[in-house]
Each structure stands twice: as C-alpha cells, then as structure tokens.
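Down below is the structure, laid out as structure tokens.
We did not get these values from a lab; they are worked out from the coordinates using the rules stated. What you see is a predicted model, and the numbers here were worked out from it, not measured in a lab. Using ideal geometry, Cβ is built from the backbone for each residue, glycine included, and neighbour counts are taken over all protein chains shown.
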Amino acid sequence: MVKVGVLALQGAVREHIQSVEACGVEAVAIKHKEQLEEVDGLVLPGGESTTMRRLIDKYDFMDALKEFARAGKPMFGTCAGLILIAKNVVGYKEPHIGVMDVTVERNSFGRQVDSFEADLDIKDVVGNFPAVFIRAPHIVDAGPDVEILAKHDDRIVAAREGQFLGCSFHPELTDNHQLTAYFIEMVKEAKQKKLA
Ligand code: GLN
C-alpha cells in the first residue's frame with residue numbers, strides 16, 4: 001500500500017487530502033521535512049507560489065524536496081505547485097524546486113478572468129474534467145520528454161514527465177478524483193519498480 005503526502009505549508013491542503021482519501025489511499029499532511037521519508041509520492045497544492053517558496057526556505061524544506069525528486073518519487077504540482085516544480089518560470093532567473101522540464105508563466109490567463117471553470121479532455125485520464133482555474137499559470141514550453149495531457153485555449157494546462165505531473169488548475173476542488181487517481185497510479189508504479 002502506498003502513502004501520499006500533501007505539502008502542508010500553505011494552500012488547498014485539506015481538499016487534496018480528501019481527494020487522495022476518496023481514492024482509498026492514506027494521505028499525510030507534510031508539515032516537517034522529516035515526514036517526506038514516510039511517503040511514496042507528494043502533492044504540491046495550489047496557493048501562492050512566492051509565499052510557499054518563502055515557507056519552504058523558512059522551514060528548510062528545499063534540499064529534502066530535491067532529494068525526494070532525485071529518489072524517483074512522483075510529485076504532482078497543481079497550480080502554484082506546478083510553478084514550484086517547473087525548471088523555468090518566465091521572468092525569474094532561478095526556478096524553485098526546478099525538477100520538471102517545463103517553462104511556466106504565472107497568472108497567465110489575464111486579470112479579468114481571475115477564475116473560471118472549463119471542461120477538459122485529459123489524455124489517458126478522463127474526458128470532460130471540470131477544471132477550476134484560479135489565477136492560473138500555464139506551460140509555455142515543454143522539453144522533449146514531456147507529454148502534453150491537456151490544453152485550454154491552445155495553452156498547455158496539464159503535462160507529465162516521467163515521475164512528474166503538473167496542472168494549471170485545481171483538481172481537488174471538484175468531486176471528480178480521476179486526475180488524483182491517475183497520480184496515485186504513478187505512485188504505485190514507482191514504488192513497485194523500486195521494490196522489483
Ligand atoms: N497565481 C498563483 C501563483 O503564482 C497561483 C494560483 C493558484 O495556485 N491558484 O503562485
């Protein structure tokens with residue numbers, strides 16, 4: 001059985017925990033870096049990436065998060081979480097955790113549309129997914145090993161690169177848990193591979 005952590009420094013933590021639990025898997029709110037050792041995969045929630053980065057530094061999480069990625073454990077960045085795992089952020093010299101080979105742009109759907117909902121077809125996952133976008137980033141560029149899973153208005157809003165899954169929207173804010181379930185499958189596969 002796998003355990004999935006949700007980085008609990010800021011943002012939509014409780015909803016992600018509920019979504020993981022709705023898939024029948026144990027979820028752990030990660031408040032201390034030592035807890036990362038207990039879990040097989042990690043969700044980085046939406047919220048505010050600059051605030052989250054400040055808290056990552058304040059609570060000394062950065063090396064442990066990079067080590068988690070190096071160990072091959074799956075990470076799922078949603079909205080601000082996607083900004084945290086991206087290797088490039090438009091307008092910034094340095095990335096945050098910088099592990100997924102994508103370039104993201106923050107707040108890229110314009111000020112007028114702070115938030116909106118759109119039905120998405122997410123490749124290999126689900127059709128008609130009710131995606132909630134809140135001051136969402138999008139992926140402006142993706143490396144050769146990145147698989148594009150969904151677009152909205154011609155912009156990439158969901159993608160996977162091996163152990164990394166990222167989306168612009170908030171999958172935890174709907175009753176449809178299929179994207180979370182897809183991530184949990186990634187976590188199970190990664191763990192089985194390690195044991196094999
Ligand atoms: N705009 C936020 C940021 O740049 C992300 C918004 C969200 O996570 N809902 O961090």
Study note, to complete from the structure: Looking across the stretch 74-91 at residues that are over 13 Å from the mean Cα position of the chain (by Cα) and surrounded by 13 or more Cβ atoms within 10 Å (Cβ to Cβ), the single one that is farthest from the ligand (Cβ to nearest atom) is Lys87
Check your understanding: When the residues of the stretch 1-19 are filtered to those that are over 13 Å from the mean Cα position of the chain (by Cα) and touching a residue at least 40 places away in the same chain (Cβ under 8 Å), which remaining residue is surrounded by the fewest Cβ atoms within 10 Å (Cβ to Cβ)?
Key -> Gln18
Revision key, fill the gap. If we keep only residues of the stretch 109-135 that are charged (D, E, K, R) and more than 16 Å from the ligand (Cβ to nearest atom), then the residue surrounded by the fewest Cβ atoms within 10 Å (Cβ to Cβ) is Asp124
Practice item. Scan the stretch 36-49 for residues that are surrounded by fewer than 17 Cβ atoms within 10 Å (Cβ to Cβ) and in a helix (DSSP H, G or I) and report the count. Key: 2
Practice item. Within the stretch 63-104, track down each residue that is under 20 Å from Ala27 (Cα atoms), part of a loop (DSSP other than H, G, I, E, B) and touching an Asp or Glu at 6+ places or on another chain (Cβ under 9 Å). Key: Lys73, Pro74
Review point. Scanning the stretch 32-54 for residues that are under 17 Å from the mean Cα position of the chain (by Cα) and either among the aliphatic types (A, V, I, L, M) or farther than 28 Å from Glu105 by Cβ (or both), which turns out farthest from the ligand (Cβ to nearest atom)?
Key: Asp40
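This table checks each residue for (1) within 22 Å of Val104 (Cα to Cα); (2) β-branched (Val, Ile, Thr); (3) out of contact with any helix residue (DSSP H, G or I) (no Cβ under 7 Å at 6 or more places or on another chain).
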{"position": "Val20", "(1), (2), (3)": "no, yes, no"}
{"position": "Ala27", "(1), (2), (3)": "no, no, no"}
{"position": "Lys58", "(1), (2), (3)": "no, no, yes"}
{"position": "Ala69", "(1), (2), (3)": "yes, no, yes"}
{"position": "Ala80", "(1), (2), (3)": "yes, no, no"}
Review point. Does Val13 satisfy the condition of being of a type in the set (A, V, I, L, M) and over 18 Å from Met186 (Cα atoms)?
Key: yes
Check your understanding: Within the stretch 136-170, can you find the residues that are within 12 Å of the ligand (Cβ to nearest atom), touching a residue at least 40 places away in the same chain (Cβ under 8 Å) and not small (Gly, Ala, Ser)?
Key -> Pro137, Cys167, Phe169, His170
Check your understanding: Restricting attention to the stretch 70-95, which residues are in contact (Cβ under 8 Å) with a residue 12 or more places away in the chain and either more than 23 Å from Thr180 (Cα to Cα) or of a type in the set (Val, Ile, Thr) (or both)?
Key -> Thr78, Ile83, Ile85, Asn88, Val89, Val90, Gly91
